[in-house]
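The values are calculated or read from the model by the stated rules, or taken from the named source; none is laboratory data. For clarity, every value in this text was computed on a predicted model and none was experimentally measured. Cβ coordinates were reconstructed from backbone atoms using ideal geometry, including for glycine residues, and neighbour counts include every protein chain displayed. For accessibility, only protein heavy atoms count, side chains too; no ligands or nucleic acids. Shrake-Rupley method; radii C 1.70, N 1.55, O 1.52, S 1.80 Å.
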Amino acid sequence: MIKKIAILTSGGDAPGMNAAIRAAAKTAMAKGMKVYGVQRGYMGMLNDEIFPMDGGYVSGIIDRGGTRLLTARCLEFKDPKFRAIAAQNLKKRGIEGLIVIGGDGSYHGADLLSKEHDIKVVGIPGTIDNDIKGTDFTIGFDTCLNTILDAVSKIRDTATSHERTILVEVMGRHAGDLALQACIAGGGDGLLIPEMDNPIELLAFQIKERRKHGKLHDIVLVAEGVGKVQDIEEALKQKINTEVRSVVLGHVQRGGTPSGFDRVLATRMGAKAVDLLEAGEGGVMVGIENNKIITHPISFAWDGERSYDFRPDYELALLLAK
Ligand code: ADP
């Protein structure tokens with residue numbers, strides 16, 4: 001049985017990463033494993049920033065955003081020469097299992113590490129973007145969604161008072177999940193996401209129709225993957241008579257105390273990752289599908305399209321935006 005495991009967080013931080021670290025560490029300790037923390041993701045693995053973790057390290061972190069282990073990008077990790085050095089830093093301590101909490105970039109590193117160096121690696125999806133194939137939800141998405149909703153409510157006060165059209169750019173990289181769900185949950189009045197055609201003429205038409213029916217404002221959710229919100233603002237100004245403004249929510253979306261949903265999700269995934277290592281499994285990712293914690297080979301994450309069909313929710317959002 002694997003006796004020593006390490007945990008790292010990699011790529012963009014997401015609220016709930018700490019809850020995953022805590023659950024993995026406590027579960028492993030309960031099984032009698034020795035647990036190590038790796039600071040700054042793959043960069044710290046390469047630079048030998050690896051330390052024995054005790055229970056105290058993970059106490060008081062379940063409600064904290066960000067990641068106590070710190071995170072970093074590490075371009076060197078794309079080079080097999082540097083992966084070999086990093087792997088050796090684990091092996092010299094007798095560490096046989098590694099839990100990587102991060103996005104799909106981090107999964108690529110994890111996959112290569114497990115194939116090249118006989119280290120059992122389990123990936124946990126930690127990103128606000130919800131853009132990982134093989135899981136219905138990623139850790140941090142729900143918290144981020146709620147942060148956006150809070151901002152949308154505030155922005156709407158101004159939009160109404162000044163009778164403006166306000167474009168709100170939200171994160172998500174190439175995925176429209178945050179914008180789509182924020183539009184539905186926030187009562188948004190327009191939506192632009194990369195998964196759908198978004199002709200500016202259609203948005204302009206929708207806004208004009210709303211105004212005919214006495215609406216005083218329009219909040220349009222724009223996924224960052226669609227393009228620069230300032231460009232969309234300029235294009236829209238040419239087509240409607242109302243005053244148009246745009247706001248980029250930016251990094252406020254990444255921080256904050258994790259929601260209950262994200263804490264529970266992270267806890268279940270963290271514990272599952274340890275169960276998998278205990279069973280000798282590696283090269284896998286955990287996910288949640290139909291409220292069950294499941295596993296896939298890590299490469300499943302980039303092998304083909306996500307199963308989520310955006311269209312029904314997109315059409316619902318537009319119907320309710322009228
Ligand atoms: P995320 O994990 O959130 O998608 P990145 O795409 O920045 O974030 O990836 C995080 C880290 O994972 C990178 O800094 C790099 O160390 C590693 N990584 C990303 N892509 C690869 C790859 N193709 N091969 C090896 N390592 C990779």
For Arg22, indicate whether it is near the ligand (Cβ under 10 Å from one of its atoms) and in the same structural domain as Ala279 (by TED's automatic domain parsing).
no
Could you list, in sequence order, all residues of region 46-76 that are outside any loop (DSSP other than H, G, I, E, B), open to solvent by 40 Å² or more (accessible area, probe 1.4 Å) and within 14 Å of the ligand (Cβ to nearest atom)?
Leu75, Glu76
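Say we look at region 106-163 and pick out the residues that are of a type in the set (Lys, Arg) and crowded, with 18+ Cβ neighbours inside 10 Å; which of these is nearest to Pro15 (Cα to Cα)? Spell out how you get there, then give the answer.
Quick first cut of region 106-163, residues of a type in the set (Lys, Arg) only: 115, 120, 133, 154, 156.
Narrowing the set further to residues that are crowded, with 18+ Cβ neighbours inside 10 Å leaves 120, 133, 156.
Numbers: Lys120: 25, Lys133: 19, Arg156: 25 Å.
Here the residue is Lys133.
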One residue is enough: does region 261-280 have a residue meeting the conditions surrounded by fewer than 16 Cβ atoms within 10 Å (Cβ to Cβ) and of a type in the set (Asp, Glu)?
no
Any hit, region 37-45, residues being closer than 22 Å to Leu112 by Cα and surrounded by fewer than 18 Cβ atoms within 10 Å (Cβ to Cβ)
no
Top-ranked residue in region 173-201 [being among the hydrophobic types (A, V, I, L, M, F, W, C) and under 11 Å from Leu236 (Cβ atoms); ranked as most open to solvent (accessible area, probe 1.4 Å)]
Ile200
Out of Val244, Val226, sole residue that is open to solvent by 30 Å² or more (accessible area, probe 1.4 Å), in the same structural domain as Val152 (by TED's automatic domain parsing) and β-branched (Val, Ile, Thr):
Val226
Any residue in region 225-238 that is more than 19 Å from Ala159 (Cα to Cα), at pLDDT 95 or above and in contact with a strand residue (DSSP E or B) (Cβ under 6 Å, 6 or more places away or on another chain)?
yes
Can you report the number of residues in region 270-310 which are part of a helix (DSSP H, G or I) and under 27 Å from Lys31 (Cβ atoms)?
12
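What are the residues in region 248-269 that are outside any helix (DSSP H, G or I) and more than 14 Å from the chain's Cα centre (by Cα), if any?
Val248, Leu249, Thr257
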Determine, yes or no, whether Asn89 is at negative phi, touching a Ser or Thr at 6+ places or on another chain (Cβ under 9 Å), part of a helix (DSSP H, G or I) and away from the ligand (no atom under 13 Å from the Cβ).
no
Looking at region 129-145, which of its residues are in a loop (DSSP other than H, G, I, E, B) and among the charged types (D, E, K, R)?
Asp129, Asp131, Lys133, Asp136
